[in-house]
Amino acid sequence: MKHHFYLAAIIIMCFSCGQDYIPKPKAYLRLDYPKAQYKKINIEVPFYFETNSLASKIKYKKLRAAKESYGINIEYPTLKGTIFLTYKAIDGDSKTLTEYLRDAQKFTLEHTIKADEIPVFPYENKERKVYGVFSEVKGNVASPAQFYITDSVQHFLVGSLYFYAKPNYDSILPAANYLQKDMVQIMESLHWK
């Protein structure tokens, strides 16, 4: 009886699997975003720029009555992210520009606690008088990219990217890379009025 059981088990094992087992390759999430289509945004602020048509909401408001200052939110609901822009007029005083530059650089440096790396890319367009810096903040940080640009005389604009999610660098990286290109487009297409 024992031999029949072993014989039956061997026969079942031989005929039960018709193919050899092949391990499955690692799967990675593939996120495809539409190719960016940029359009000129001309709102009631002292500059204009191009933004991606994927940005479905653009909100802006005057921040202070005494000085010319505006806040602009470029929202991407499908990516759960927003690019925040803050414009400040320079009073023609180099101290004011120095303070704005210090504040913008300090904001980026505050991320060094959690950041793995912060590559900085200078930007300059002498023809349009646009000078600035783009900073990519790599790691589990609240804002994975920031920039500031100025004409060094009258205008100062700072931008930062935020997501409506807990900062997990690996998870938000594809969306962050996509929106960082939009931030660079804002810098490269910006014209002072």
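The values are calculated or read from the model by the stated rules, or taken from the named source; none is laboratory data. Everything numeric in this text was worked out from a predicted model, so none of it was measured. FYI the Cβ positions are ideal-geometry reconstructions off the backbone, even for glycines, and counts take in every protein chain you see.
Looking at the stretch 39-56 only, could you name the residues that are surrounded by 16 or more Cβ atoms within 10 Å (Cβ to Cβ) and assigned to a strand (DSSP E or B)? If you could, list the steps in order and put the result at the bottom.
Let us first name the residues in the stretch 39-56 that are surrounded by 16 or more Cβ atoms within 10 Å (Cβ to Cβ), namely 41, 45, 47, 49-52, 54-55.
Residues satisfying the conditions are 41, 47, 49, 50, 51, 52.
Restricting to the stretch 95-117, give me the number of residues that are of a type in the set (Gly, Ala, Ser) and more than 17 Å from the chain's Cα centre (by Cα). Break it down stepwise before answering.
At the first step, the residues of the stretch 95-117 found to be of a type in the set (Gly, Ala, Ser) are 104, 115.
Applying the additional criterion that residues be more than 17 Å from the chain's Cα centre (by Cα) yields none.
Total meeting the criteria: 0.
Note on the stretch 165-193: among residues that are among the aromatic types (Phe, Trp, Tyr) and under 12 Å from the mean Cα position of the chain (by Cα), the one that is surrounded by the most Cβ atoms within 10 Å (Cβ to Cβ) is 178. Of all the residues that make up the stretch 130-155, how many are of a type in the set (Lys, Arg) and modelled with pLDDT of 95 or more? The total comes to 0.
Quick check: is even one residue across the stretch 61-70 more than 21 Å from residue 174 (Cα to Cα), assigned to a strand (DSSP E or B) and either touching a residue at least 40 places away in the same chain (Cβ under 8 Å) or in contact with a Cys (Cβ under 9 Å, 6 or more places away or on another chain) (or both)? Spell out the reasoning first.
If we filter the stretch 61-70 for residues that are more than 21 Å from residue 174 (Cα to Cα), which is where we start, we get 61-70.
From what's left, assigned to a strand (DSSP E or B): 61-64, 69-70.
Adding the requirement that they be either touching a residue at least 40 places away in the same chain (Cβ under 8 Å) or in contact with a Cys (Cβ under 9 Å, 6 or more places away or on another chain) (or both) leaves none.
For the stretch 61-70, residues more than 21 Å from residue 174 (Cα to Cα), assigned to a strand (DSSP E or B) and either touching a residue at least 40 places away in the same chain (Cβ under 8 Å) or in contact with a Cys (Cβ under 9 Å, 6 or more places away or on another chain) (or both): absent.
Taking every residue in the stretch 126-138 that is on the phi > 0 side of the Ramachandran plot and pairing it with any residue that is assigned to a loop (DSSP other than H, G, I, E, B) and among the β-branched types (Val, Ile, Thr), at least 6 positions away or on another chain, the pairs with Cβ-Cβ distances below 9 Å are 129/153.
Given 143, 135, which one is in contact with a Ser or Thr (Cβ under 6 Å, 6 or more places away or on another chain) and in a loop (DSSP other than H, G, I, E, B)? Don't jump to the end; show me each part of the working.
Values: 135 fails: in a loop (DSSP other than H, G, I, E, B).
Only one candidate qualifies: 143.
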